[in-house]
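Bear in mind that the values in this text are calculations on the coordinates, not laboratory data. Computed from a predicted structure; not experimentally measured. Every residue, glycine as well, gets a Cβ built from its backbone with ideal geometry; the counts of neighbours run over all protein chains shown.
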Amino acid sequence: MSPRLRIPTRQWRCLNSNKNLAIKFQCRYASVATTPAPAIHENSDVDPPHIQRFPPTQPPSHKPPYMRKTQLHRQYQSLLKTTPLMLIFQHNNLTSSELNGIRRELAAALRKVDEAEGKAFADSIKLQVIQTGLFESALQVVEFYDPANPIKHTKPPPTEIPNSKQYKKNGPVPSKFDPQFNHGLSEMAYQTARNARKNKRQLSELAPLLKGPLMLLTLPTMSPAYLKAALTILSPSEKFPAPKRKVKPTLYEPAVQSGIQKLMLLAARAEGRVFDSDGAKWIGGIEGGLTGLRSQLVALLQHFGIGVTSTLEAASKSLYFSLESRRGMLEDAENPKPKEESSSQ
């Protein structure tokens, strides 16, 4: 066995220190040997990646979409576009207890119509209080705003200067003035409604009535039967009398009666056309509903057709009779009868 070599402690420490220095230098060289960053002008030529900054179902609008006014504006636009028949009432200091009582009696009257008609529209007929200013703005947008042909801005849109770091990271910030955003809550729609309010000739037919506290009754179907039942509760008259006390005792509660007296029927909007209170009552007074209206229209057209046919036939018949009488006169003149035959006769 060979003898063990003994190294002094001092020399051993020197060898360990040299190894540590070599490892440090190697790490330092590895950190220095990285890929150099490109120049600034090279980065400026490359377009930043397009990152969508808004949800596809919630594009930029005139006001922030999370505001209650924005959501009400959208709700009123949907009502005006999809509701075939609505009544507009004015209410004066209507309390919550009175409103709840009116809704209760209205729902009970409409359920009876459901049983008679065999349909289920009572739960879809709503009586709600609206904000007049927002409803008027939504009406102007629905009637005068065309997304296919948006108007031009009356004033140039303000220039938006995005943050440079944010622009380099996520791309350009979308602007609400961009013409591609042409929905009902867009800046273009707001400009249309504002110009319509300024231009008095372009106002809607309902605009003069949209003043003060208002209430809407929305019906999902054009049914005179449901409208008649609603008018007997909300606006009773001689043509639409309210149920008697024996039949409907809860209707004559003080809270319900005081609430009904505070309601006033202003107008109706049916299939995009505006009717006054008399026109609304005329729609509710159609006997037999739409079926009765169709039968009346068919009878009117048949009567009109018979009259036209008789008028056209009258001229031809008179001409035929005149020609026949003239032909008889000419035949008698050409072939006169003998005197004996005439005397014997």
Between their Cα atoms, which of LYS119/LYS262; LYS69/LYS281; LYS69/LYS228; LYS81/LYS126; LYS69/LYS112; LYS81/LYS281 are more than 27 Å away from each other?
LYS119/LYS262; LYS69/LYS281; LYS69/LYS228; LYS69/LYS112
Can you work out the PRE-style zone for SER78? Point 7 Å along Cα to Cβ, and I want the residues of the stretch 210-250 with backbone N under 19 Å.
216-221
With just the Cα atoms of the stretch 98-139, tell me how far they stretch along each of the three principal axes, in Å, largest first.
38, 24, 9
Extension gain from GLU313 to ASP276, taking 0.36 nm per residue of separation minus the Cα-Cα distance:
9.0 nm
Report ³J(HN,Hα) in whole Hz for each residue of the stretch 109-114, in order, from the Karplus equation J = 6.51 cos²θ - 1.76 cosθ + 1.60 where θ = phi - 60°; Gly and Pro get x.
5, 6, 5, 5, 5, 4
